[in-house]
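> First the structure, then my questions, so here it is.
Each value in this text was obtained by applying a stated rule to the coordinates, not by laboratory testing. All of these numbers come straight from a predicted model, not from anything done at the bench. Using ideal geometry, Cβ is built from the backbone for each residue, glycine included, and neighbour counts are taken over all protein chains shown.
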Amino acid sequence: MKYSLFNVYRFIILSVIWLLFSVNAIAQEWIYTVVEGDNLWNLSEKHLDKVTRFEQLRRLNAIENPKHMQPGTRIRVPLEWIRSNPAAAKIISFTGTASLQRAKKSLSDIVSVGTMLHLGDQLKTGANSSIAIEFADKSILTLHENSLIHFDHLSAHGVTGMVDSRLNLVQGRMDTKVTPAVGPGSRFEIETPSAISAVRGTVYRASVLKEGTASNIEVLRGKVAVSGGNKQLMVNKGYGTQVSAGSPPLPPRELLPAPTFDAIPNEITQINQRISWSKIDGA
C-alpha cells in the first residue's frame, strides 16, 4: 500500500512538472494560421532563421503533406526558430536642441525629423526640447527636455509583426504609447536606474528622479509590470508607483485627475494668449 501511494505521489509531481514545462513551451511559440497557397517550404523560407528547419517544423506539427496544407490550419513555430533582424526606430517630431551619439562613432550626429536610430545609440535632449520616436511596430515614445535615453535592443522577428524594443532612460522623463503585442516575441521594455517596466498596448509615463536614485511610473491606459528590488508589481490604469534603487516598487497610488481647461476661443488672434484651467486639489 505504501509503495502504491508513493507511486501515486510521484505520478502527480511528474505531471505537474510536465504541465509547467508545457505551459512554458506554449508561451514561447508563435502560432501561424495557414492561408490559401501556403506550403511548408515557403513558410520556412519566409519566417525561419534556417530553411533547413523545414523538416523539424513538419515533425513538430505532424504534417503529412507539406506541399498542400488546409487553410485555417494552425502551425506551431518555436520562437527561437524565427528569423531575427535589426529594426531601427525613427524620429518623427523634434523641437529644440538634441545630441545623438552613435554606437560606433566618437562625434555626435545631427538630429532632425527622419533620423534613424539604431542599437547602441544614445539620444539626449536639451532645455525646452522634445523628440517623438516611432518604433518598427508603430509604438511612439516622446522624450522630454533634459533627458537621456540609450537604445539597448532594437530588433524584429522577421515579418511576423513581433518587435523587441528595450530602452534605458538614464535621466529625465518620457511618455509612451505602446502598440499591443501580436505574439510572444513582442516586447517593449523601459529600464531606469531603479526599475524595469514591461508593457504592451499601454500608454504610460516614466521619469527618473533624485539623480537616478528613484523612478516614477504612471499608467494612463492599460497596465504596466514594474520590477525593482527583485519584486514585480502590476500597475493598472489611473495609478502610479515610485521605485527607489535596490527597493521594491511602492504600492500603487491613484493619479490626480486630468485638468479641465476653461473655454478656449476657436480662433486665437493675439500673441501670448493665456489659457487657464481648473485647480486640482493636491497638485
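> Within a 10 angstrom radius of the beta carbon, how do D262, D152 rank from fewest other beta carbons to most?
So the ranking, lowest neighbour count to highest, is D262, D152.
> Under the rule of -39500 (n - 2.57) per DSSP H run of 4 or more residues, summed and divided by the residues of the chain, what mean residue ellipticity at 222 nm is obtained, to the nearest 500 deg cm²/dmol?
The per-residue figure over the chain is -4500 deg cm²/dmol.
> Let's test this: bin the Cα-Cα distances of the stretch 131-189 at 5 Å from zero up to the farthest pair and state each bin's percent.
Distribution as computed: 4, 19, 30, 23, 13, 7, 3, 0 percent.
> Rounded to the nearest angstrom and ordered from largest down, what semi-axes does the equivalent ellipsoid of the stretch 39-157 get from its C-alpha gyration tensor (root of 5λ)?
43, 14, 10
> To continue, here is another question. Over the stretch 92-172, one equal point on each Cα, no solvent: what is log10 I(q)/I(0) by the Debye formula at q = 0.18, 0.26 Å⁻¹?
Rounded to two decimals, the profile gives -0.73, -1.39.
> I would also like to ask the following. Give, in whole angstrom and from largest to smallest, the semi-axes √(5λ) of the equivalent ellipsoid of the chain, with λ running over the eigenvalues of the Cα gyration tensor.
Values for the chain, descending: 43, 27, 19 Å.
> Please give the Cα centre distance for the stretch 203-259 versus the stretch 66-96, rounded to the nearest Å.
30 Å
> Next question, about the same structure. Could you line up T52, T176 from fewest to most neighbouring Cβ atoms inside 10 Å?
Result, fewest neighbours first: T52, T176.
> Another question, if that's okay. When you count, for each residue, the other Cβ atoms within 10 Å and take the mean per peptide, how do 138-146, 67-75, 200-208 rank with the highest first?
So the peptides 138-146, 67-75, 200-208, ranked by packing, come out 200-208, 138-146, 67-75.
> Over the Cα atoms of the stretch 181-222, compute the convex hull volume and normalise it per residue, giving Å³.
54 Å³
> Given labels modelled 7 Å from the Cα in the Cβ direction, how far is it in nm from K223 to V113?
Here the modelled spin labels are 3.8 nm apart.
> If I fit a long axis through the Cα atoms of helix 2-27 and take the longest principal axis of the Cα atoms of the chain, what angle between them do I get, 0 to 90°, rounded to 10?
Here the helix axis deviates by roughly 50 degrees.
> Here's something else I'd like to know. Quote the charge dipole size of the chain about the Cα centre in Debye, to the nearest 20; the model charges only the Cβ of Lys and Arg (+1) and of Asp and Glu (-1).
Charge dipole of the chain: 640 debye, to the nearest 20.
> While we're on this one: In whole angstrom, and with the biggest value first, how far do the Cα coordinates of the stretch 175-283 range along each principal axis?
Ordered largest first, the stretch 175-283 gives principal extents of 53, 34, 23 Å.
> Starting from the exponent 0.38 and prefactor 2.2 Å, build the expected Rg for the stretch 83-231 from its residue count and divide its actual Cα Rg by it.
Output field value: 0.99.
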